[in-house]
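A quick write-up on the structure given underneath.
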Amino acid sequence: MAFIGKTSVRDNIRLSETPKYPVFRELYTKQKKAVWFPEELNIQQDVLDYKSLTPTEKDLFDSAVGYFASSELLVQNVLGNGFFPVLTDPYAKMSFSTQMFMENIHSDFFEIILNSFDMDRRKVYNITLEDKLLMEKQELIVRAVDRITYGKADPDTLEGKKQILTSILLNNIIQEGLFFYSAFAHFFAMKDTGKMKNVVSGVELILIDESLHLQNGIEAILTIVEENPQIVDDYHFVENIRQTIIDAVELELNYLKTKFGGTTIFGVSYNELEKYMKYIADRRLVELGFDPQFGIDQNPLKFLQKEDVKKLTNFFEVSSTEYTNF
Amino acid sequence: MQRIVIKRDGTVERFQMKKLVDAIFALLEGLDLPDDYEIVFKVAKELDLKIPEKVTTEELDYLVLKAIEHLIPKNFIYDTLATRQLLKIINRRIDKRFNSFKEYLNYAVEEKLLKPELLNFDLENLENAIDYKRDYNLDYFGLSTLKDRYLMKDRNFETIEKPQWFFMRVAMGIGNTEDEVIKIYNKLSNLEYLHSTPTLFNSGTLTNQYSSCYVNVIDDSLDSIMDKAKETAFLAKYAGGVGTDVTRIRATGSKIHSLNAKSSGIIPFIKIFDTIVNAIQQGGRRRSSQVMYLQPWHLDVEAFLDLRETTGNPYFRTPSLNTALWMPDELMRRIKEGEPIYLFDPAECPKLVTAWGEEFKKEYEKCIEKAEKGELNLWKKIDSRDFYKKYLFKLAKTGHPWLTFKDRHNEKNPCPQYSVINSSNLCTEISIPNSPESTAVCTLASVNLAKHIKEDKSDFDWDKLKDTLETMVVALDNILDKNFYPSEESRKNTMDLRPIGIGVMGFHEALIKLGIPYDSEKAVETARKIAKFMRDITYTKSEELAKERGAFPHYYQAKYDYPPRRNAVLLAVAPTASISIIAGTSSSIDNYFSNIFSRDTLSGKFIVINKPLMQQLEEKGLWSEELAEKIKAHQGSIQYIEELEGKIDKSLYKTAYEVSPFRQIDIAAAFQEYIDQAVSKSLYIEEDLRDKMEEIYMYAWEKGLKSTYYCFIDKTVKGEKYTMNVNKRGERRGFGLARKEEKQLEKELEEIERQAREKYGDEVVEAVKSGNIEGCPTDPLLAKICPSCE
Ligand SMILES: [Fe+2]
Ligand SMILES: [Fe+2]
């Protein structure tokens, strides 16, 4: 049976020792090990920090929190309403439902932030409706996905497969792998200046999760393409996919430009972020088999090096993100 | 892009890169560098990207700092540069306010930040002793930490203390005479030893609280619980860590006669302390913390193991508290031999609380007999192996409770006539007799072993080490009489026993300098030799002090067969988490965590590089950016980097997880042989060895450790490598397949060619296709078939 298709509820309920797609067993296990709970972090500790942020810093923080808070369950919706029902492989289902579970945790985490800092709930959740550029980012995904959910795309036809592939691209690659990564940088810049450390410890955990969700997406897309080589015969479709990614970068850059303008926030300037986004986008393109578009092979945000090496926490000072679940 | 600088007075000027470049060159002054241009060029390149259109002068200083900081992992020179830039930022602002150390002191006394008595010293004399060049002893992480948290701030949180002023102010709060002050200043500013964080924070200030740790005991009564809650709140307020023994509190279901009701056990009471600590943690420079100690025969022990779980009923969870087990030998023996463990209610078996060793065994067996005869109301028999397994699982999962050994602590108790030792402290290195009426207090300092190596690196500089250790004994003993005691119980304990705790840091760095691998028998011998030396020197000094100042008062009230000394206990090896950062060395007796790693602290996140490794590689001309990337890609390990094979002694630079946990224990045990209090030892366990945890902790007990501390297990899931390229696609080509499908492209090209021929005729098209035209065609249609446009 193909990776996506129509199945009965009786199908695909048996795990095999030799799964057809072993990578999803691996991704399921990795996600399982990464599970964490917001209660492990002491968000309350950052309240004084939050109060001492300058207006521009606060605005950036609020927007980043708002964007995540109103996107986490959207990511879950896309998977739940559109993708999960057409998955045919039991391990792939486990991997993607674990991702859906993790989005709960993320939502919950931002909910705790919202409550701890006494943020305006309406404003936070409405930011993707009221900020024109943020809305555009989210609309890009919503428009395309709403067209195909609830069985509107037939996974047994080539057209349906292309639609489903596109929705995963928008969700797991563009939303989680581009837009989220942009906001990650804002959070890590905060920690680099010694601010909001416990919140950012949580975001570090989210980064681990999202990098796994990104892999879920890449694996799903590569698998669909491998099983249906006709997809890449359609040159226009392929070009479209590539263009969608590049357009998304453009959208993100517009947003960053208005946020950062000609100044720095948390020690970061627009120029650096532009290069960073292009660097991330190139990597997404390469991961999907495209040639890079921008030719940037070094991450200009050097403080992100700190996310790449082993970490030792001073336990009495900052919530630790290094304990494993089992 | 035209950039502008907004100056401090509000005026605007055009941004000039040249000015900035000159300033960076100025930072390099005095450093003999082969290629300073390249260094400045790299920084300027980083900066160009960072500087926005509008920038203030202050921001510019900060961006220069950040630009340099980001280059630190590439070469050690950037660490020096960043340190100098940060110094420049600190000094410039202070110089605007104070012309001298004396002016600063006067201001700080007036503002009620420092004690007025400091002004009684001959300030001229002290000012002359200050050597600003010693700022260069600090590395960037150390200086950042100092600036962020240790240097004195005014009421508006502006830094008003230069690093050397800080060392001198700390020394002035400790020394009794100017000679003592200068001696202490010299040692501190050369990073030869450092006092613990509370001393560095508060020495010479009106807060006046020098101690790191308090250890109290809660009795089995509501009165006592509430009294200790209040005591804990005050101890925590002054940034002390508190260790608390809760073993006496009766278990769940135990009868309360005065109410004719049943007790709800220890957990709800522990929860009270969780709330207190959490309330006091808000806004502190260092989070106050508490650890609860329980002997594992207590009937509520199973719920105790779950306190740090993050799921389940929040009323039975204590996220702000730490927990530890105070484990008697008899229980370890039962675990080892697979005999069952019995759990009891301390209200019914009160003797178990203070009995230890053979006496505990006898009492425990008596309780078992009673239980089996049906004479006890509350008891439970459990499988000891299951319990041990479950306990270690919790330790790996939640980091708690730590494992400490009741009988090891008590058999070395120098003052058994005073009291038993009821528990250890927050970092498990304290071992001082205490009771509900007497709260143990310990004031700590740690010698930096890496600064006590002979010039030729042949051996430790034993004379210098002796001198430092003697200075430390005097300094710590001085502190006991200057210290503020937040409770009567804590004053009493100190005035009876005068305990101090001298520990170490930089052990691994020292080993590297001496060419001894940490994971070797030689390292164990070295540990033993150092510990014995520390014991001999400090005891002799304390005995000398006793002649001058008298022995600890309890000594005269009891009969002990050792000569009078000033302090009941003198040695304790603390984790030195923060002060080893200031000293820029490996912490405590631990191995370097990794050769490159990041550290999360209250001051933010920093990249730490194993400096001795970097220096050695640089000396041999092996250091390069590519190598740095390779080490990063290997998670900080150099063991599998082929190009270093045979070039350096790799075994010197194992990461913490690469050192056998059994060796880690051997080294701690070697120190423990001579350390009169305890050695706080975290264990680093490679995930593959996780199945051996039972064996590892059994070994720790058998080797005679008094305490273990955190258990780190290497986590295998990491985030996407942010700055390195990872190919997730593998061999698959994904959309790359599309480009190989050129048929479609060809078809499109044919179509274009057809249209072009229609429009321009065959001649033009042929000319374009063969490239025989001048320049490329501007027509989009023709451009698509032009070979040089492709
Ligand atoms: Fe998420
Ligand atoms: Fe996600």
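The values are calculated or read from the model by the stated rules, or taken from the named source; none is laboratory data. What you are looking at is a predicted structure, and each value in this text was computed from that prediction instead of being measured. Counting neighbours? That spans all protein chains shown, and the Cβs are built from the backbone with ideal geometry, glycine included. Each accessible area value is taken on the protein alone, full model and side chains, heavy atoms only, with ligands, DNA and RNA left out. Shrake-Rupley method; radii C 1.70, N 1.55, O 1.52, S 1.80 Å.
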Given (1) open to solvent by 20 Å² or more (accessible area, probe 1.4 Å); (2) of a type outside the set (A, V, I, L, M); (3) modelled with pLDDT of 90 or more; (4) assigned to a loop (DSSP other than H, G, I, E, B), number of the condition residue A:274 does not satisfy: (4)
Only one of A:220, A:153 that is buried (at least 20 other Cβ atoms within 10 Å of the Cβ), modelled with pLDDT of 95 or more and either at negative phi or away from ligand 2 (no atom under 14 Å from the Cβ) (or both): A:220
Residues located in the range B:350-394, provided they are under 29 Å from residue B:690 (Cβ atoms), among the acidic types (Asp, Glu) and part of a helix (DSSP H, G or I): B:386
Selection within the range A:98-127 - surrounded by 17 or more Cβ atoms within 10 Å (Cβ to Cβ), away from chain B (no Cβ under 14 Å) and more than 12 Å from ligand 2 (Cβ to nearest atom): A:110, A:113, A:114, A:119, A:124, A:127
Residue in the range A:168-183 that is in a helix (DSSP H, G or I), surrounded by 20 or more Cβ atoms within 10 Å (Cβ to Cβ), away from ligand 1 (no atom under 16 Å from the Cβ) and not hydroxyl-bearing (Ser, Thr, Tyr) present: yes
Identity of the residue in the range B:378-399, basic (Lys, Arg) and within 14 Å of another protein chain (Cβ to nearest Cβ), that ends up most open to solvent (accessible area, probe 1.4 Å): B:389
Some residue of the range A:156-166 being within 15 Å of ligand 2 (Cβ to nearest atom), surrounded by 22 or more Cβ atoms within 10 Å (Cβ to Cβ) and within 30 Å of residue A:8 (Cα to Cα): no
Search result, residues across the range A:228-246 that are free of Cβ contacts under 8 Å to residues at least 40 places away in the same chain and open to solvent by 30 Å² or more (accessible area, probe 1.4 Å): A:229, A:233, A:235, A:236, A:239, A:240, A:243
Entirely in the range A:1-115, the helices (runs of 4 or more DSSP H) that have 3 or more residues that are of a type outside the set (Val, Ile, Thr), in contact (Cβ under 8 Å) with a residue 12 or more places away in the chain and within 16 Å of ligand 1 (Cβ to nearest atom): A:22-34, A:55-69, A:72-77
Residue count, the range B:432-465 (criterion: at pLDDT 95 or above, closer than 20 Å to residue B:679 by Cα and within 21 Å of the chain's Cα centre (by Cα)): 7
Residue in the range B:140-152 that is in contact (Cβ under 8 Å) with a residue 60 or more places away in the chain and part of a loop (DSSP other than H, G, I, E, B) present: yes
Index of the failed condition, residue A:93 passing every other in (1) more than 16 Å from ligand 2 (Cβ to nearest atom); (2) out of contact with any strand residue (DSSP E or B) (no Cβ under 8 Å at 6 or more places or on another chain); (3) modelled with pLDDT of 95 or more: (2)
Residue ranges of strands (runs of 3 or more DSSP E) in the range B:182-254 with at least 1 members small (Gly, Ala, Ser) and open to solvent by less than 10 Å² (accessible area, probe 1.4 Å): B:241-245
Counted residues, the range B:1-21 - those being over 15 Å from residue B:53 (Cβ atoms), open to solvent by 100 Å² or more (accessible area, probe 1.4 Å) and touching a residue at least 12 places away in the same chain (Cβ under 8 Å): 1
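Residues are listed down the side, and each one gets a yes or a no for (1) touching a strand residue (DSSP E or B) at 6+ places or on another chain (Cβ under 6 Å); (2) within 30 Å of residue A:49 (Cβ to Cβ):
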position	(1), (2)
B:268	no, no
B:290	yes, yes
B:293	yes, no
B:306	no, no
B:310	no, yes
B:319	no, yes
B:336	no, no
Test for residue A:225: is it buried (at least 24 other Cβ atoms within 10 Å of the Cβ), of a type outside the set (Asp, Glu), away from ligand 2 (no atom under 13 Å from the Cβ) and at the interface with chain B (Cβ under 7 Å from one of its Cβ atoms): yes
Filter result for the condition that a residue is within 16 Å of ligand 1 (Cβ to nearest atom) and in a helix (DSSP H, G or I), over A:256, A:207: A:207
In the range B:583-633, the residues that are of a type in the set (S, T, N, Q) and on the phi > 0 side of the Ramachandran plot: B:588
Test: residue in the range A:59-77 that is within 14 Å of chain B (Cβ to nearest Cβ) and within 11 Å of ligand 2 (Cβ to nearest atom): no
Top-ranked residue in the range B:44-76 [being under 19 Å from residue B:13 (Cβ atoms), at the interface with chain A (Cβ under 9 Å from one of its Cβ atoms) and among the acidic types (Asp, Glu); ranked as least open to solvent (accessible area, probe 1.4 Å)]: B:59
Odd one out for residue B:559 among (1) without any contact (Cβ under 8 Å) to a residue 40 or more places away in the chain; (2) exposed (fewer than 15 other Cβ atoms within 10 Å of the Cβ): (1)
Test: residue in the range A:192-208 that is touching a Pro at 6+ places or on another chain (Cβ under 7 Å), crowded, with 22+ Cβ neighbours inside 10 Å and farther than 19 Å from residue B:70 by Cβ: yes
